[in-house]
Amino acid sequence: MQRSFKKEQQYWAVGHTIQLQYHVSPKDAPYLWLSYYSNGKFVNHLTATAKLPITVPQQINYDNNAKMHFKQFSIGWKRYLKGSYDAVEKWNMYGYGGFGLVLGWVNNSHDKNIDTSLYVVPVRAGKANFKRLTVDLGLGAEFPVGADIYFYTEGRVWLPTTDYPSKFIFVNKDAPLLGMFNLGIRVLF
């Protein structure tokens, strides 16, 4: 499950992560993952303002119905705080940190047609792609199931490190601010 925490862009989405880890010691492993998520949907209540004082009306209130989804590549380091990658008798606890590249997509549709030659709109209608660099942090626990299979649950957050303004995203500063709750299976090879 993915949650967007940024005000004016809050939504829930479901997704999937594929992760590779190479255990260099019983407690340490570099990782590489690819995550992708379904569309998150949200509505912004906005106001378009006239460019000229002679335009009537001076303001138009409208709703922007937005869909947003993300793919992310991350590379980093995983460290077992309790247990180790191959412990079979007890549960393990780990943390990780890394750097990621988020590839985002947004699709906006306004509930009213607004002439952008006469009005300034805070967010454009249409589709656009965008990118953000992130710092990725997480904390998790895993439980041995047997035969080198582990069930895990973890919390993860992507903290944006770059702001590349996009006229298709209403909130650009420190966005996206995303948190994930993950359940899954880890298999040793």
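The values are calculated or read from the model by the stated rules, or taken from the named source; none is laboratory data. These numbers come from a predicted model, not from an experiment. Here Cβ is always computed from backbone atoms with ideal geometry, including for glycine, and neighbour counts include all displayed protein chains. When the accessible area is computed, the model is the full protein with side chains, heavy atoms only, and any ligands, DNA or RNA have been set aside. Shrake-Rupley method; radii C 1.70, N 1.55, O 1.52, S 1.80 Å.
Would you point out the residue of the range 147-177, among those that are touching a Pro at 6+ places or on another chain (Cβ under 9 Å) and in a strand (DSSP E or B), that is nearest to residue 136 (Cα to Cα)?
Checked the range 147-177; the qualifying residue nearest to residue 136 (Cα to Cα) is 158.
Give the residue that is farthest from residue 76 (Cα to Cα), with candidates limited to residues of the range 18-51 that are β-branched (Val, Ile, Thr) and in contact (Cβ under 8 Å) with a residue 24 or more places away in the chain.
Here the residue is 49.
State which residue is nearest to residue 19 (Cα to Cα) when the search covers only the range 112-127 and only residues that are open to solvent by less than 70 Å² (accessible area, probe 1.4 Å) and part of a strand (DSSP E or B).
Out of the qualifying residues, it is 126.
Which of the residues that make up the range 1-42 are in a strand (DSSP E or B) and of a type in the set (Val, Ile, Thr)?
Selection gives 17, 18.
Name the residue that is nearest to the chain's Cα centre (by Cα), counting only residues in the range 40-64 that are within 30 Å of residue 183 (Cα to Cα) and open to solvent by 60 Å² or more (accessible area, probe 1.4 Å).
41
If you go through the range 96-111 one residue at a time, do you hit one that is closer than 15 Å to residue 186 by Cβ and open to solvent by less than 30 Å² (accessible area, probe 1.4 Å)? If you could, list the steps in order and put the result at the bottom.
At the first step, the residues of the range 96-111 found to be closer than 15 Å to residue 186 by Cβ are 96.
If we keep only those that are open to solvent by less than 30 Å² (accessible area, probe 1.4 Å) as well, we get 96.
Taking every residue of the range 96-111 in turn, at least one turns out to be closer than 15 Å to residue 186 by Cβ and open to solvent by less than 30 Å² (accessible area, probe 1.4 Å).
Scan the range 145-165 for residues that are in contact with a strand residue (DSSP E or B) (Cβ under 6 Å, 6 or more places away or on another chain) and either surrounded by fewer than 18 Cβ atoms within 10 Å (Cβ to Cβ) or aliphatic (A, V, I, L, M) (or both) and jot them down. Don't jump to the end; show me each part of the working.
Here is the first cut: in the range 145-165, the residues in contact with a strand residue (DSSP E or B) (Cβ under 6 Å, 6 or more places away or on another chain) are 145, 149-162.
Scanning the range 145-165 gives 145, 149, 151, 152, 153, 155, 157, 159, 161, 162.
Might you check whether a residue that is open to solvent by 30 Å² or more (accessible area, probe 1.4 Å) and either β-branched (Val, Ile, Thr) or farther than 30 Å from residue 80 by Cα (or both) occurs anywhere in the range 175-183?
Checked against the condition, which is being open to solvent by 30 Å² or more (accessible area, probe 1.4 Å) and either β-branched (Val, Ile, Thr) or farther than 30 Å from residue 80 by Cα (or both), the range 175-183 yields no hits at all.
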